[in-house]
1. From Asn134, Asn173, which residue is open to solvent by 40 Å² or more (accessible area, probe 1.4 Å), within 30 Å of Asn50 (Cα to Cα) and among the polar types (S, T, N, Q)?
2. Give me the pairs, please: first residue somewhere in region 203-217 and touching a residue at least 12 places away in the same chain (Cβ under 8 Å) and open to solvent by less than 30 Å² (accessible area, probe 1.4 Å), second residue anywhere and outside any strand (DSSP E or B) and of a type in the set (D, E, K, R), beta-carbon distance under 8 Å, and either six or more positions apart or on two chains.
3. Any idea which of (1) modelled with pLDDT of 90 or more; (2) among the hydrophobic types (A, V, I, L, M, F, W, C); (3) open to solvent by less than 70 Å² (accessible area, probe 1.4 Å); (4) under 30 Å from Ala253 (Cβ atoms) is the one Leu126 doesn't satisfy?
4. Any residue in region 251-262 that is more than 12 Å from Leu126 (Cα to Cα) and open to solvent by less than 80 Å² (accessible area, probe 1.4 Å) sitting within a Cβ distance under 8 Å of a residue that is part of a loop (DSSP other than H, G, I, E, B) and of a type outside the set (Phe, Trp, Tyr)? List the pairs, counting only those 6 or more apart or interchain.
5. Could you check, for region 236-246, whether at least one of its residues is of a type in the set (Ser, Thr, Tyr) and open to solvent by 50 Å² or more (accessible area, probe 1.4 Å)?
6. Pull up region 338-353, narrow it to residues that are open to solvent by 30 Å² or more (accessible area, probe 1.4 Å) and in a loop (DSSP other than H, G, I, E, B), then point me to the one that is farthest from Ser280 (Cα to Cα).
7. Identify all residues within region 223-233 that are open to solvent by 60 Å² or more (accessible area, probe 1.4 Å) and touching a Leu at 6+ places or on another chain (Cβ under 8 Å); write none if there are none.
8. State which residue is nearest to Ser56 (Cα to Cα) when the search covers only region 72-98 and only residues that are at pLDDT below 95 and of a type in the set (Gly, Ala, Ser).
Amino acid sequence: AFTVDGLNFGGSSLPQEGLRSTRVITGTYDVSRGQFSGGMVASTTRGGSNMIQGSSGYALRDQSLSFGGDSSSPFAQGFTQNQLSGGLGGPLVRDRLFWFASGQARLRTDAQQTLLSATPTDLERLGVLPDSVNRFVSTLGALGVSPTAVQPPGGRATDSYSALLRLDYLINNSHTLTLRGDWHHSSQDPARLSALALPQTGGQSGSSGGGGMVTLTSRFGMHVINQAQTYLSRSVQNSEPFLTLPAGRVQVASALPDGSIGVSNLAFGGSTGMPSSGRSTSIQATDELSWLPGAARHRVKLGAYLEEQASSNLSSSNTSGTFIFNSLADLAANIPASFGRTLAPAERVSHALDYALYAGDVWGPTRRLQLTYGLRLEGSSFVDPPAYNPVVDSAFGLRTDRLPAEWHLSPRAGFTWTIGGTAFGGIRAPSQPALIVRGGVGEFRSPIPGNLVSAAQASTGLPSSEEQIVCVGADVPVPDWSGYATDPSTIPSTCSAIKVANRDNRNENVRK
């Protein structure tokens, strides 16, 4: 789990100048923390004060400053990255209202790692001979697919930006209001390229989002503290391919210099994963009431948590189709072994609710021993189930319109024991280092992933769900690469039983 100021954070990054602290918690037995089954990375943001202060930083990692390796190979080169960050804060109203703003930009450039930029040594390491690649490239040109139809920049640019603004208002001695806003954006150009693919198979991708948080901390008397928080966030993602063209995959077997046989799949044409788009919205609300009786050796907690997440993704997996060729000879003859295409990609929607109630205590019986224990009741459910398909129900006895929901009680107990030195925050003498032993037992559960539910939304088997075709053998359409490039609407949407002479001859040879 990744949390910022106590609530889950789904963004990609935050300015480092805007963070006060970051901790990696490998075992937390505090019942106020939940919705995860592994470790936790907990960060807190930085606020302003009566003094105007800030900091900034610049970090450069330059590819030209590295040494060793093969600088002529894009697979052995490093990368160049510029990172600039800064933050500044101070008072708007002295002793009452404070601000702190920060921002960060990270600009990274990597060498292009594609089939055209690979050196002969790179290709052999990838399991394909250079002459096979040359034959592959020349064959594509004869079929009307220009291997250099797309020539992206020499490097892959991966840029990310983030900003953070925080306001702290001391309403009076008992109430403090905190407002926080965050924003982030990232992009990659080109995206989704592989070492055994031509540059034309990639595209451009980007994402952006932001959120706002409100926190009210109140003290009632000397022993009761209440903290209420709400965080609303939203993000969008999109990607676009370089070419609207079916993808092509060719299986190539090469006898490598070391005597082994390398089998590789070379890729050309369009992208199988673009275009795509998505958006998600999340709102979290939590309230915790703490009671510190007597000398504050106990901190009794009662709290509630609620999160609502909604997402919608239109993932165009293989919307332009993919032709599979078993060999370079089949590619030269334009005889694919199969063709598959998604005709009607369905929007994948997920709407989830996660909630929790907890009660616990943090008790320090001595200055060296601290005990944490309590109970956490967690639940999750989904709304907007998929449509009902009676055919699936009658054939398999399973309903397509039901989504999982659960309640679970999670008990926890842990301890922190300080041996030697000065316990719990005291100043420790250098000659008396402390040994801190932590342990405990508990059960931790992650929420049901929303992507599983969104996939079920698109797979009911009804006409409104995702539709695909798969053509094999003689029913595979004969590719017209030049026609597809001129008019994408001519890309096949049905299988064809038309046989050409070279396919008939090949089938006859196979039978013999």
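1. It is Asn173.
2. As it stands, the answer is Gly203/Arg192; Met213/Asp5; Thr215/Asp5, since those pairs meet every condition given.
3. Here Leu126 clears every test but (1).
4. These pairs meet every condition: Ala255/Leu129.
5. Among the residues of region 236-246, at least one is of a type in the set (Ser, Thr, Tyr) and open to solvent by 50 Å² or more (accessible area, probe 1.4 Å), which makes the answer yes.
6. Residue satisfying both the conditions and the ranking: Pro345.
7. Selection gives His223, Gln227.
8. Gly78
The values are calculated or read from the model by the stated rules, or taken from the named source; none is laboratory data. What you see is a predicted model, and the numbers here were worked out from it, not measured in a lab. Cβ coordinates were reconstructed from backbone atoms using ideal geometry, including for glycine residues, and neighbour counts include every protein chain displayed. Surface areas here come from the heavy atoms of the whole protein model, side chains and all, with no ligands, DNA or RNA. Shrake-Rupley method; radii C 1.70, N 1.55, O 1.52, S 1.80 Å.
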